[in-house]
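Visitor: Handing you this structure, nothing more for now.
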């Protein structure tokens with residue numbers, strides 16, 4: 001449960017207008033902190049201002065590819081949090097530019113400002129990975145720890161919640177298609193973690209509860225296959241659909257076509273990612289660098305999915321008001 005901070009801080013959040021960022025802003029303002037949301041377009045963060053008192057949440061322009069804007073965004077901050085990441089490349093928004101060199105730029109700016117740093121990464125980050133996403137996430141971690149020795153790294157598994165890009169996408173697909181695809185047979189393992197639990201972990205990093213220079217891995221209470229995740233979604237939306245298994249080579253062919261779209265549903269790099277399980281490591285569990293180790297109660301898919309996937313249910317089924 002959030003507590004009011006005895007000494008409010010100024011927190012700069014890069015990517016604070018995103019999915020996790022919205023929930024983190026709320027967790028920090030409840031603690032009494034001032035929040036500076038740094039994003040490419042400050043107009044996209046206006047909706048965050050009502051989460052705090054007047055003047056408690058401020059949006060500023062910053063682009064990780066523009067070092068001067070990064071320096072301005074962290075000026076005077078007590079703590080810096082970097083949540084910026086991309087799932088596919090677009091123009092100059094490349095994996096290396098954002099997740100590697102961008103991470104270093106934020107770390108260098110935080111060090112120059114004398115601010116503490118928490119860096120958002122992802123389970124599966126690996127400098128030897130075939131996936132550019134996973135490779136640059138790992139290189140970003142390395143750059144951060146080389147620059148700020150006591151930085152905290154947070155790696156969540158797939159994050160779910162009202163604005164997520166996973167369960168919402170497949171729930172919407174299930175409204176129109178009698179089939180749902182299982183890439184590689186749907187056997188890849190995930191440990192879905194609720195966005196509110198992830199935000200609480202970041203907030204506790206600001207509180208000083210996480211050990212500097214360490215990597216924390218965040219997963220929910222269940223380890224589920226890709227297929228089991230979709231089954232949970234179908235149960236929450238009161239739908240029944242057939243599953244179609246897509247061999248890896250078929251998924252690669254589809255991805256080559258779909259990644260040409262402005263907002264691709266699937267890319268070759270994502271297919272590569274799906275070949276590796278996305279669960280909390282034994283090392284993190286043993287060291288207590290997890291939600292359990294932090295004493296954060298984990299929320300299950302069954303408890304949360306119905307609270308926002310109700311809108312994908314067939315006409316005539318329960319509405320959100322009836323469910324609540």
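Visitor: List the pairs whose first member sits in segment 50-62 and is at negative phi and assigned to a strand (DSSP E or B), whose second member is surrounded by fewer than 17 Cβ atoms within 10 Å (Cβ to Cβ) and at pLDDT below 90, and whose Cβ atoms are under 6 Å apart, counting only residues at least 6 apart or on separate chains?
Guide: Pairs found: 59/42; 61/42.
Visitor: Could I ask something else about it? Quick test for you: out of 177, 157, pick the one residue that is surrounded by fewer than 21 Cβ atoms within 10 Å (Cβ to Cβ) and in contact (Cβ under 8 Å) with a residue 12 or more places away in the chain.
Guide: 177
Visitor: Do any helices (runs of 4 or more DSSP H) entirely within segment 244-294 hold 3 or more residues that are more than 18 Å from residue 155 (Cα to Cα), and if so, which?
Guide: Hits in segment 244-294: 248-258, 268-273.
Visitor: So, of the residues in segment 209-218 that are in contact with a helix residue (DSSP H, G or I) (Cβ under 7 Å, 6 or more places away or on another chain) and part of a loop (DSSP other than H, G, I, E, B), which turns out to be nearest to residue 121 (Cα to Cα)?
Guide: Of everything passing the filter in segment 209-218, 213 is nearest to residue 121 (Cα to Cα).
Visitor: Still on this structure, I have one more. Against the condition buried (at least 20 other Cβ atoms within 10 Å of the Cβ) and touching a strand residue (DSSP E or B) at 6+ places or on another chain (Cβ under 8 Å), how does residue 182 come out, does it pass?
Guide: When the stated conditions are applied, residue 182 does not pass them.
Visitor: Please go through segment 71-92 and pick out each residue that is within 20 Å of residue 202 (Cα to Cα) and part of a helix (DSSP H, G or I).
Guide: 73, 74
Visitor: Hey, could you check segment 236-246 for residues that are over 11 Å from residue 167 (Cα atoms) and touching a helix residue (DSSP H, G or I) at 6+ places or on another chain (Cβ under 8 Å) and say which is surrounded by the fewest Cβ atoms within 10 Å (Cβ to Cβ)?
Guide: Across segment 236-246, the extreme among qualifying residues is 240.
Visitor: Grab the helices (runs of 4 or more DSSP H) fully contained in segment 93-206, keeping just those with 1 or more residues being over 30 Å from residue 308 (Cα atoms) and under 17 Å from the mean Cα position of the chain (by Cα).
Guide: Answer list for segment 93-206: 102-113, 132-147.
Visitor: Just checking, does segment 310-321 include any residue being at pLDDT below 95, on the phi > 0 side of the Ramachandran plot and not in a helix (DSSP H, G or I)?
Guide: yes
The values are calculated or read from the model by the stated rules, or taken from the named source; none is laboratory data. This is a predicted model, so every value here is computed, not measured. Please note: Cβ atoms are built from the backbone with ideal geometry, for glycine as well, and neighbour counts cover all protein chains shown.
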